[in-house]
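Structure record follows, encoded as C-alpha cells.
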Amino acid sequence: MLHVSIPARRTGNSLAARVMTPANYLRLRRKASGLTLEQVAKRLMPRAGFRPMVVAFLRVLETDGCTAKHRDHIDRLTSVFPLDTDVYYQLVNDPADKMPRICSGCGCSAYDPCKNGDEVCGFVAPDACNRCLGETAEREAA
C-alpha cells in the first residue's frame, strides 16, 4: 500500500515551486538536527532488517511533490527531531499565499523555533532566522 501522495502542485520552476514544500521542510528540520536518514531510521526502527525500508520511505517523504498520507507518520518523526506536524500539513494543504513563515536555512518556524539553551531564534529576514543568518555571515567573514 502506498503511504504517500504525489500531487501535481508545487513542482517545477513555477513560483509555487519556490515556496517551501513539505519535503523541503522535513529535510531542513532533519539536517538542522544533524541527523542522516539512516540515523532517523535507526531511532524509528529498532529491528535492523526493516531499516532500509524506513530509509526508502523517508527518502520519498523528502522528495518534492510527495507527502505523507497518514498524520501519524509525521507525528512519529517528531520523536526523533523537532518539527511541527501542523506546519507540515499547512504546507501540504494550504495555498502558497497562506504558508507559515519558515526559515529557508533550517526549516524553523514560530511554532518550532531553533533553541540554543534558553535562547530561541527569531526571524530577521522574510525567510531566515537570526541563527542561520548569523552562521552565513560567519562563513562569509572567514
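Some observations on this one:
- From the options Leu28, Leu58, Leu91, residue that is in a helix (DSSP H, G or I), of a type in the set (A, V, I, L, M, F, W, C) and out of contact with any helix residue (DSSP H, G or I) (no Cβ under 9 Å at 6 or more places or on another chain): Leu28
- In segment 37-55, residue farthest from Asp72 (Cα to Cα) [restricted to those that are open to solvent by less than 70 Å² (accessible area, probe 1.4 Å), assigned to a helix (DSSP H, G or I) and aliphatic (A, V, I, L, M)]: Ala48
- Restricting segment 12-29 to residues that are surrounded by 14 or more Cβ atoms within 10 Å (Cβ to Cβ) and hydroxyl-bearing (Ser, Thr, Tyr), the residue that is modelled with the highest pLDDT is Tyr25.
- The set of residues from segment 67-77 being over 12 Å from Tyr25 (Cα atoms) and open to solvent by less than 60 Å² (accessible area, probe 1.4 Å) comprises Ala68, His73, Leu77.
- Being surrounded by 15 or more Cβ atoms within 10 Å (Cβ to Cβ) and in a helix (DSSP H, G or I) is a condition met by no residue of segment 112-120.
- In segment 90-106, the residue that is farthest from the chain's Cα centre (by Cα) out of those that are open to solvent by less than 60 Å² (accessible area, probe 1.4 Å) and free of Cβ contacts under 8 Å to residues at least 24 places away in the same chain is Asp94.
- Check on Gly34, over 30 Å from Asn116 (Cβ atoms), surrounded by fewer than 14 Cβ atoms within 10 Å (Cβ to Cβ) and at pLDDT 90 or above: no
The values are calculated or read from the model by the stated rules, or taken from the named source; none is laboratory data. Note that this is a predicted model, so its numbers are computed, not measured. With ideal geometry, Cβ positions are generated from the backbone for all residues, glycine too; neighbour counts draw on all protein chains shown. Just the protein is used for accessible areas: all its heavy atoms, side chains included, with ligands, DNA and RNA removed. Shrake-Rupley method; radii C 1.70, N 1.55, O 1.52, S 1.80 Å.
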